1. Over the chain, what relative contact order in percent results from Cα pairs under 8 Å that are six or more residues apart?
2. Got a sec? Charge dipole of the chain, +1 on Cβ for Lys and Arg, -1 for Asp and Glu; which of Q114, Q3, G54 is way out at the positive end?
3. Please compute the Kirkwood hydrodynamic radius over region 19-69, one decimal place, Å, based on all pairs of different Cα atoms.
4. Considering only A24, A91, A40, give the residue with the highest GNM mean-square fluctuation for the chain, with springs between Cα atoms whenever their separation is below 10 Å.
5. Leaving out ligands and nucleic acids, and using a 1.4 Å probe, what accessible area per residue does the chain come to in Å²?
6. What is the percent carbon and sulfur in the accessible area of region 68-119, measuring with a 1.4 Å probe over the protein chains and ignoring ligands?
7. About the Cα centre of the chain, how large is the charge dipole given +1 on each Lys and Arg Cβ and -1 on each Asp and Glu Cβ? Please answer in debye to the nearest 20.
8. How many times 2.2 N^0.38 Å is the alpha carbon radius of gyration of region 42-104?
Amino acid sequence: QVQLVESGGGLVQPGGSLRLSCKASGSIFSANVMGWYRQAPGKERELVAQITSGGRTNYADSEKGRFTISRDNVKNMVFLQMNSLKPEDTAVYYCNCRSIDILIQYDAWGQGTQVTVSS
(Lines give C-alpha, C1' and ligand atoms only; values in the text may rest on other atoms or scores of the structure.)
Protein backbone atom coordinates (compact mmCIF):
# COMPACT_ATOMS: atom_id res chain seq x y z
CA GLN A 1 0.00 0.00 0.00
CA VAL A 2 1.00 3.60 -0.55
CA GLN A 3 0.64 6.49 1.88
CA LEU A 4 0.95 10.17 0.98
CA VAL A 5 1.45 13.19 3.22
CA GLU A 6 1.24 16.76 1.91
CA SER A 7 2.70 19.91 3.41
CA GLY A 8 3.38 23.51 2.48
CA GLY A 9 -0.09 24.97 2.20
CA GLY A 10 -1.13 28.19 3.85
CA LEU A 11 -2.26 31.75 3.35
CA VAL A 12 -0.55 33.88 0.72
CA GLN A 13 -1.27 37.23 -0.92
CA PRO A 14 -2.14 37.49 -4.61
CA GLY A 15 1.03 37.40 -6.67
CA GLY A 16 2.86 35.44 -4.02
CA SER A 17 4.36 31.97 -4.10
CA LEU A 18 4.04 28.67 -2.29
CA ARG A 19 5.81 25.36 -2.60
CA LEU A 20 3.85 22.22 -1.82
CA SER A 21 5.54 18.97 -0.91
CA CYS A 22 4.28 15.41 -0.84
CA LYS A 23 6.08 12.45 0.69
CA ALA A 24 5.16 8.98 -0.46
CA SER A 25 5.83 5.80 1.46
CA GLY A 26 4.91 2.15 1.15
CA SER A 27 5.05 -0.31 -1.69
CA ILE A 28 5.69 1.89 -4.68
CA PHE A 29 6.57 -0.41 -7.54
CA SER A 30 7.22 0.05 -11.21
CA ALA A 31 5.99 2.93 -13.31
CA ASN A 32 3.75 5.49 -11.68
CA VAL A 33 2.36 8.98 -11.97
CA MET A 34 2.45 11.46 -9.11
CA GLY A 35 0.43 14.60 -9.31
CA TRP A 36 -1.47 17.40 -7.72
CA TYR A 37 -5.19 17.96 -7.83
CA ARG A 38 -7.28 20.65 -6.22
CA GLN A 39 -10.85 21.10 -5.13
CA ALA A 40 -12.52 24.41 -4.37
CA PRO A 41 -15.75 24.64 -2.35
CA GLY A 42 -18.72 23.57 -4.43
CA LYS A 43 -16.57 22.39 -7.31
CA GLU A 44 -15.27 19.07 -8.54
CA ARG A 45 -11.71 17.97 -8.00
CA GLU A 46 -9.52 18.93 -10.95
CA LEU A 47 -6.06 18.12 -12.19
CA VAL A 48 -3.35 20.72 -11.58
CA ALA A 49 -0.25 18.90 -12.76
CA GLN A 50 1.25 15.43 -12.88
CA ILE A 51 4.61 13.85 -13.52
CA THR A 52 5.57 10.28 -14.35
CA SER A 53 8.39 8.31 -12.80
CA GLY A 54 10.18 8.92 -16.09
CA GLY A 55 9.86 12.69 -15.76
CA ARG A 56 7.13 13.45 -18.27
CA THR A 57 4.89 16.29 -17.11
CA ASN A 58 1.35 17.36 -17.80
CA TYR A 59 -0.27 20.65 -16.75
CA ALA A 60 -3.73 22.05 -16.81
CA ASP A 61 -3.90 25.01 -19.18
CA SER A 62 -4.75 27.47 -16.42
CA GLU A 63 -1.55 26.67 -14.53
CA LYS A 64 0.94 26.60 -17.39
CA GLY A 65 3.66 29.20 -16.92
CA ARG A 66 2.85 29.71 -13.24
CA PHE A 67 3.14 26.27 -11.65
CA THR A 68 5.98 23.78 -11.89
CA ILE A 69 5.83 20.16 -10.82
CA SER A 70 8.92 18.14 -10.00
CA ARG A 71 9.82 14.93 -8.19
CA ASP A 72 12.64 13.26 -6.35
CA ASN A 73 12.57 9.55 -7.07
CA VAL A 74 15.18 8.78 -4.42
CA LYS A 75 13.15 10.40 -1.64
CA ASN A 76 9.80 9.49 -3.19
CA MET A 77 8.62 13.07 -3.11
CA VAL A 78 6.74 15.32 -5.47
CA PHE A 79 6.65 19.10 -5.35
CA LEU A 80 4.51 21.86 -6.75
CA GLN A 81 6.05 25.31 -7.05
CA MET A 82 3.26 27.85 -7.36
CA ASN A 83 4.06 31.39 -8.49
CA SER A 84 1.92 34.40 -9.33
CA LEU A 85 -0.89 33.00 -7.25
CA LYS A 86 -4.42 34.24 -7.83
CA PRO A 87 -7.51 34.16 -5.61
CA GLU A 88 -9.01 31.56 -7.94
CA ASP A 89 -6.17 29.23 -6.98
CA THR A 90 -7.71 28.92 -3.52
CA ALA A 91 -8.54 25.28 -2.90
CA VAL A 92 -7.58 22.15 -1.05
CA TYR A 93 -4.66 20.61 -2.88
CA TYR A 94 -4.32 16.84 -2.93
CA CYS A 95 -1.32 14.71 -3.76
CA ASN A 96 -1.90 11.60 -5.84
CA CYS A 97 0.17 8.58 -6.75
CA ARG A 98 -1.19 6.15 -9.32
CA SER A 99 0.35 3.06 -10.83
CA ILE A 100 0.60 2.87 -14.60
CA ASP A 101 1.91 -0.69 -14.49
CA ILE A 102 -0.49 -3.23 -15.93
CA LEU A 103 0.25 -5.86 -13.28
CA ILE A 104 0.26 -3.67 -10.15
CA GLN A 105 -2.67 -1.35 -9.53
CA TYR A 106 -3.00 1.35 -6.89
CA ASP A 107 -4.36 4.86 -6.65
CA ALA A 108 -3.44 6.67 -3.43
CA TRP A 109 -4.41 10.11 -2.18
CA GLY A 110 -3.09 12.37 0.53
CA GLN A 111 -5.25 14.12 3.10
CA GLY A 112 -5.02 17.47 1.35
CA THR A 113 -3.49 20.82 2.25
CA GLN A 114 -5.34 24.12 2.18
CA VAL A 115 -4.09 26.92 -0.05
CA THR A 116 -5.74 30.30 0.41
CA VAL A 117 -4.85 33.27 -1.80
CA SER A 118 -6.22 36.47 -0.33
CA SER A 119 -5.19 39.99 0.55
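The values are calculated or read from the model by the stated rules, or taken from the named source; none is laboratory data. Just so we're clear, the structure is a prediction, and the values are computed from it rather than from any experiment. Using ideal geometry, Cβ is built from the backbone for each residue, glycine included, and neighbour counts are taken over all protein chains shown. What goes into the accessible areas is simple: the full protein's heavy atoms, side chains included, and nothing from ligands, DNA or RNA. Shrake-Rupley method; radii C 1.70, N 1.55, O 1.52, S 1.80 Å.
1. 37 percent
2. Value computed over the given set: G54.
3. 12.4 Å
4. Evaluated over the chain, the most mobile residue of the options is A40.
5. 54 Å²
6. The computed percentage sits at 52.
7. 200 debye
8. That works out to 1.23 for region 42-104.
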